[in-house]
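A short reminder: the numbers here are calculations on the coordinates, not readings from a lab. All of these numbers come straight from a predicted model, not from anything done at the bench. No Cβ is skipped: glycine too gets one built from the backbone with ideal geometry, and neighbour counts run over all protein chains shown.
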Amino acid sequence: MRELLDEANEVLQSYFGLCPSLRSFDRLCNVRSGVISFSDFADGFYDVSNHKAYVSDAPSLFHEFHGHALFFEHSMIGKRVAELISNGNISSAVFDKTLLFVEGHAIWTSAFLLDKLGLDDIFTVYEKSLCERNVIFSDGRTLNYQEIYDVMKKAENFYGMHDLWWRVFGFPRKLSKEVLENLVRNLPGLSEKIILAVVFGSRKEYSDVDLCIVVNEKKDFDCLSFRGIIDLAVYDLEEFLAKARLFDVGVTEPILTGDFILGDKNLYERIRQDLSNDVPSREAVEYLRRTSKLLFENASAAKRSGMEEIYLETLAYSISYRLFANAYERGCKSLTFKELCDPELDNVRRKLSNLKRLSLDSLVSSLFIS
Ligand SMILES: [Zn+2]
């Protein structure tokens with residue numbers, strides 16, 4: 001069992017940069033009475049107030065330890081629930097609201113680990129057993145494990161497993177090189193076509209993850225429909241090279257401030273060199289001005305439709321493109337967002353970050369309001 005525990009920890013580390021603490025692990029013994037537990041599997045359970053997972057076999061190890069223990073130790077939702085439980089003031093309404101996330105995470109993670117560790121026989125039995133198990137809410141209503149698993153798989157298939165972990169389960173973004181490689185390799189609809197992947201932006205534990213991806217064929221991929229925690233800028237090679245030549249901030253920012261994840265390192269180094277050495281052309285300045293105007297029109301349209309976040313984001317870009325054009329016209333070499341200094345831009349950025357903080361707070365607190 002210990003060997004399996006370590007192997008599963010390694011998988012979780014490499015995909016999500018997290019694993020549960022060993023202090024939360026225990027073999028099953030008769031300590032059941034009187035604990036508040038998630039005791040859905042007869043062969044294991046998780047005692048929330050004591051932070052211990054009691055397990056007896058592979059599925060219960062993955063469910064109770066790698067599922068529940070990890071969730072209550074690291075997820076923003078899990079930590080808040082654990083706190084309420086240990087203070088003795090969790091209401092049944094709050095418990096019910098979080099139950100789907102708690103169980104959804106454990107059910108998904110068990111299936112994920114059984115698959116990654118190649119435990120095919122157990123996986124088959126596990127999948128069959130899902131429809132026989134239910135989550136029971138405080139008013140007696142039940143929801144089938146299979147139904148919960150189907151919802152999680154749907155979210156995974158659309159946005160990828162990392163978005164599921166970060167947005168739905170509330171885990172911090174631990175962006176090691178290995179995690180980023182696994183993230184990019186598992187992006188739905190893109191993974192097989194990637195020429196270059198770069199991470200940039202703030203890279204904080206509870207911020208969006210900004211990725212710039214160059215693919216050999218973009219065809220049906222729609223970045224706008226992919227708006228989760230992962231913020232994607234996807235270009236085909238021709239588009240990427242053209243934008244680099246025009247000092248488009250969509251390329252300069254990731255290439256000059258970001259980190260290479262995977263793909264063609266030579267291409268990355270070459271574009272980085274060119275952007276650092278070349279002076280932007282007249283054509284680039286005109287292009288940046290045109291783009292600024294176009295973005296301003298888009299921002300105004302978003303404002304008219306009441307889409308405040310998109311309005312502020314687009315307006316910030318519109319102002320930035322204008323400032324880049326002005327600086328390049330004066331003969332500056334390539335600049336990054338950080339180097340732009342303008343009171344109007346600062347004001348828009350401040351409003352935007354307040355709005356984002358507000359929406360994160362209200363998402364989490366809405367789970368805890370009875
Ligand atoms: Zn459970």
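Figures for the structure shown
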item: Quarter of Cα convex hull surface for the stretch 101-174, i.e. mean projection, nm²; result: 5.5
item: Fraction of beta bridges assigned by DSSP in the chain that are antiparallel (%, nearest 5); result: 65
item: Hits among aspartates and glutamates - C-alpha to C-alpha of K154 under 14 Å, sequence gap 8 or more where chains match; result: D163
item: Extension gain from E147 to E83, taking 0.36 nm per residue of separation minus the Cα-Cα distance; result: 20.2 nm
item: Rg over Rh, two decimals, the chain (C-alpha only, Kirkwood Rh); result: 1.04
item: Long pairs among K265/K293; K128/K177; K97/K153; K116/K356, criterion Cα-Cα beyond 27 Å; result: K265/K293; K128/K177; K116/K356
item: Candidates T257, T124, T314: whichever shows maximal mean-square fluctuation once the chain is modelled as a Gaussian network with Cα springs under 10 Å; result: T124
item: Semi-axis lengths (Å, descending) of the ellipsoid that matches the C-alpha gyration tensor of the stretch 213-341; result: 24, 21, 13
item: Interchain or long-range residues, amide H under 5 Å from N134's placed H; result: Y145
item: Cα pair distances exceeding 21 angstrom across the stretch 177-277, given as percent; result: 27
item: Exposed-site-free run, longest, the chain (rule: GluC sites (Glu not before Pro); DSSP loop; at most 15 other C-beta within 10 Å); result: 1-204
item: Angle between the chain longest axis and helix 145-159 axis [Cα atoms, degrees, rounded to 10]; result: 10
item: Residues in the stretch 43-84 reached by a label modelled at R27 [backbone nitrogen below 19 Å; 7 Å Cα→Cβ]; result: 43-47, 52-66
